[in-house]
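Structure first, commentary second.
The values are calculated or read from the model by the stated rules, or taken from the named source; none is laboratory data. All of these numbers come straight from a predicted model, not from anything done at the bench. For neighbour counting, all protein chains shown are included, and Cβ atoms are generated from backbone atoms with ideal geometry for every residue, glycine included. Surface accessibility is based on the protein's heavy atoms, side chains included, excluding ligands, DNA and RNA. Shrake-Rupley method; radii C 1.70, N 1.55, O 1.52, S 1.80 Å.
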Amino acid sequence: LENLQPEIKELAKRLRYEVSVRGKQLGWSEKVARFHFTKNMRRIVTELYIRDNCHPFKATLLAWVQIPLWVCVSLALRNCSVGALGSAVQEQFSSGGALWFTDLTAPDSTWILPVSLGLVNLLVVEV
């Protein structure tokens, strides 16, 4: 999108000139000329987005998917860890670990999982 800005500014300047010339020829009011400029500018920008395949909505699409997913996972983990789903679930968490983390209700004393989770999230954001 940022790479298109100089081209959009140049096209806007040219379109503004063409609309003003055409408006004087046909006797358009300022409001009618502004309407035609806005309509044509919107069409030109849409064509540029299609040409370069860079619609602004694509940048926010990931957030619209990740935010609800993050909220649901956070609520599910909170309910599991505080025993809101019953004591049987919490008992399973205390004896269901693997490798060095045999108790899933205890904090990770080695910091391997929090650091690796942070690095994986950083990698996802950077990629």
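Computed quantities for the displayed model
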{"quantity": "Shape metrics for segment 70-127, restricted to C-alpha atoms - Rg then Dmax, Å", "calculated": "13.5, 40"}
{"quantity": "Partners for residue 24 among lysines (Cα-Cα distance below 29 Å; same-chain residues under 8 apart left out)", "calculated": "9, 13, 39"}
{"quantity": "Whole-number accessible area per residue in Å² for segment 3-54, which is evaluated in the context of all protein chains at 1.4 Å", "calculated": "79"}
{"quantity": "Normalised alpha carbon radius of gyration of segment 3-54 [divisor 2.2 N^0.38 Å]", "calculated": "1.24"}
{"quantity": "Directionally averaged projected area (convex hull, Cα atoms, the chain), nm²", "calculated": "13.1"}
{"quantity": "Cβ-based net charge around residue 54, under 13 Å, with every Lys or Arg adding one and every Asp or Glu removing one", "calculated": "-2"}
{"quantity": "The chain - percent of accessible surface contributed by carbon and sulfur, probe 1.4 Å", "calculated": "65"}
